[in-house]
Amino acid sequence: HFAGAVVLPFNKGSARLRAALGSLDAPFMISAGIYGGSGFMGIEASPQGIEAFEASFEFGGIASLGYGPLQGTAYVTTGAYVRKERLGCTFAALFSAGFTAHIACFGISAAFTLRLWKHAGDSSVQGEAQLTFTFSVGIVKVHYTIRVARTMQAGFGGGGQQAAENALPGRR
């Protein structure tokens, strides 16, 4: 999907224009045979110039499944995300796996997403894992998401530095 917006601030900031093809949570997908990928691109600009640019690209296997009345799709992809703005740069590694299937009026889907990212100038590494299930019968749909996030400081919270100091001879 293509999205566009004009942001008009209520403070003394300047107006901004945002445009994107897809999004990180709903990327566009392309496939040829069993190979495929997904991605998105976005840009944010003001009268002063380009304020931010972000892009994500994933590549892997995407397959359509069919056995009699059962139809579905499964995928496993990995890729990278980058966001550049005036205050710095963010880089992330991405992994996604999932499937969707339906037979008559019954449907099921599951998706697992792992994101690890680092902001330039920040010593911590952040991560997020998300598992989503969706079940449907006719027009009734049940959606459930489990999300776990973690931030690790340099040396995994300083524990690595302390262990290194304790291992040095003559140190106590």
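Bear in mind that the values in this text are calculations on the coordinates, not laboratory data. Values in this document were obtained by computation on a predicted structure and should not be read as measured data. Backbone-built Cβ (ideal geometry, glycine too); neighbour counts: all protein chains shown.
Values computed for the structure shown
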item: Amide H contacts under 5 Å for residue 23, placed H, 5+ residues apart; result: 28
item: Estimated dipole of the chain in Debye, rounded to 20 [Cβ of Lys and Arg +1, of Asp and Glu -1, Cα centre]; result: 360
item: Protection-proxy order for peptides 140-146, 30-36, each taking the mean of Cβ atoms within 10 Å per residue, highest first; result: 30-36, 140-146
item: Karplus (6.51, -1.76, 1.60) ³J(HN,Hα), θ = phi - 60°, over the range 59-75, in Hz, Gly and Pro reported as x; result: 9, x, x, 9, 9, 8, 10, x, 8, x, x, 7, 10, x, 9, 10, 8
item: Within straight-line cross-link reach of residue 118, lysines at Cα separation under 24 Å, skipping those fewer than 8 residues along the same chain; result: 84
item: Whole-number D in µm² s⁻¹ for the chain, Kirkwood Cα-pair radius fed into Stokes-Einstein, 10 °C, 1.306 mPa s; result: 82
